[in-house]
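Report on one structure; see the data block that follows.
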Amino acid sequence: MSTALPTVTDETVTDWALAAADGDSEAVDRFVRALQRDVRRYVAYLADDAQAADDLAQDTFLRALTALHRFEGHSSARVWLLSIARRVVADSLRLAARRPRTVGTTDWEDAAERAQPTGLPGFEEGVALMQLVDSLPRDRREAFVLTQLYGLPYAEAAEVARCPVGTVRSRISRARLNLVAMMADGHDTTCRTEAAVA
């Protein structure tokens, strides 16, 4: 039997995290279920690897649950967890950089695209927009995803990204300019060229 979750606000999730830190197993389950989708999407964007997203999200929750007894609620549980996710991805990228490169990706992207429903209103536009977001430089993409997709305030996004709020504002501004330019130009290499110059 499934129980409906109340409206999930950052305060609610933070309360669950604090209760979980005190040993409430039901609060642990609610905390994980409330944030698992956000964590998976966030690590997929940061890592540029949809296939690794599940493993990275699982590693994030393993680290978080191990450290949950130290969570004191100074920031929201979402910000705390996304900060852990960012470190998990950074560790994964560092480890991957040390490994020898293997053969490039097979046609998994095509298979994933064919498995998606088509004919839904706005589906093609949504896919096109996400492809444009994916092509943003990593720092701009991260700021854009945190604030525009997850709805974090700039201050919390800055805490997750470990940079000043002004840097987040600048990255969002540049990401928006990049997206507008790419849409106007039919998605050429404008973004990558600007990133190389910046």
Length added when fully stretched, residue 170-residue 8, from 0.36 nm per residue minus Cα-Cα: 55.3 nm
Estimated FRET transfer efficiency (residue 95, residue 162; beta-carbon r; R0 25 Å; 0.05): 0.80
Förster radius 22 Å - calculated FRET efficiency between residue 63 and residue 130 (Cβ-Cβ, nearest 0.05): 0.20
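Read-outs throughout are calculated quantities, based only on the coordinates presented, and are distinct from any laboratory measurement. These numbers come from a predicted model, not from an experiment. Reconstructed Cβ throughout: ideal geometry from the backbone, glycine too, with neighbour counts over all protein chains shown.
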